[in-house]
1. Does Val38 count as surrounded by 13 or more Cβ atoms within 10 Å (Cβ to Cβ) and modelled with pLDDT under 95?
2. From the residues in segment 54-89 that are in contact with a helix residue (DSSP H, G or I) (Cβ under 9 Å, 6 or more places away or on another chain) and among the charged types (D, E, K, R), which one is modelled with the lowest pLDDT?
3. Tally the residues that are under 17 Å from Leu57 (Cβ atoms) and out of contact with any strand residue (DSSP E or B) (no Cβ under 7 Å at 6 or more places or on another chain), restricting the search to segment 1-46.
4. Which residue is farthest from the chain's Cα centre (by Cα), if the candidates are limited to segment 24-75 and must be over 19 Å from Glu14 (Cα atoms) and of a type in the set (D, E, K, R)?
5. Restricting to segment 52-75, name every residue that is part of a helix (DSSP H, G or I) and among the polar types (S, T, N, Q).
6. I'm trying to understand the selection: among the residues of segment 19-51, which are farther than 18 Å from Cys78 by Cα, assigned to a loop (DSSP other than H, G, I, E, B) and free of Cβ contacts under 8 Å to residues at least 12 places away in the same chain?
7. Starting from residues that are more than 14 Å from Phe35 (Cα to Cα) and in a helix (DSSP H, G or I), keep the ones in segment 1-18 and report whichever is modelled with the highest pLDDT.
8. Is there a residue being charged (D, E, K, R), at negative phi and at pLDDT below 95 anywhere in segment 21-33?
Amino acid sequence: MCNIYTSTDPILYESRTRSVRIFGVVTTIRMENAFWNVLQEMAESEKVTTNQLISTLYEELVQCREDTGNFASFLRVCCLRYLNVRERGEASSQPPASLRVVK
């Protein structure tokens, strides 16, 4: 089992910092390349840029919660949830109830 994980291309777990404009303010987000790849796939499926997707996710998070907490961690969880929904073949733009953010 361990070989499945240890044989991963190191470039996928190398961190990359990107600048994103959120609410008119440039901020940096540091995540592993594997997550940036998933965010790019998510953005392509929504027909927006990665930066537009990130900005939209931030805006929606602010609407749901006053404190955004660790936004990079939130994005990582979004990626995992996206992959889970995609794997299940659920094409709906709304995630299943078990994956939705609850106020």
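The values are calculated or read from the model by the stated rules, or taken from the named source; none is laboratory data. Bear in mind the structure is a predicted one, so any value in this text is a computation, not a measurement. Quick reminder, even Gly has a Cβ in these numbers, built from the backbone with ideal geometry, and neighbours come from all protein chains shown.
1. Details: surrounded by 13 or more Cβ atoms within 10 Å (Cβ to Cβ): yes; modelled with pLDDT under 95: no.
For Val38, the condition - surrounded by 13 or more Cβ atoms within 10 Å (Cβ to Cβ) and modelled with pLDDT under 95 - is not met.
2. Arg86
3. Restricting attention to segment 1-46, the residues satisfying the condition of being under 17 Å from Leu57 (Cβ atoms) are 18-31, 35-46.
If we keep only those that are out of contact with any strand residue (DSSP E or B) (no Cβ under 7 Å at 6 or more places or on another chain) as well, we get 21-25, 35, 37-46.
Count: 16.
4. Per the stated criteria, the residue is Glu66.
5. Those that are part of a helix (DSSP H, G or I) and among the polar types (S, T, N, Q): Gln52, Ser55, Thr56, Gln63, Ser73.
6. Gly24
7. Thr6
8. Taking segment 21-33 and keeping what is charged (D, E, K, R), we get 21, 30, 32.
With the extra rule that they be at negative phi, the set shrinks to 21, 30, 32.
If we keep only those that are at pLDDT below 95 as well, we get 21.
Yes, segment 21-33 contains at least one residue that is charged (D, E, K, R), at negative phi and at pLDDT below 95.
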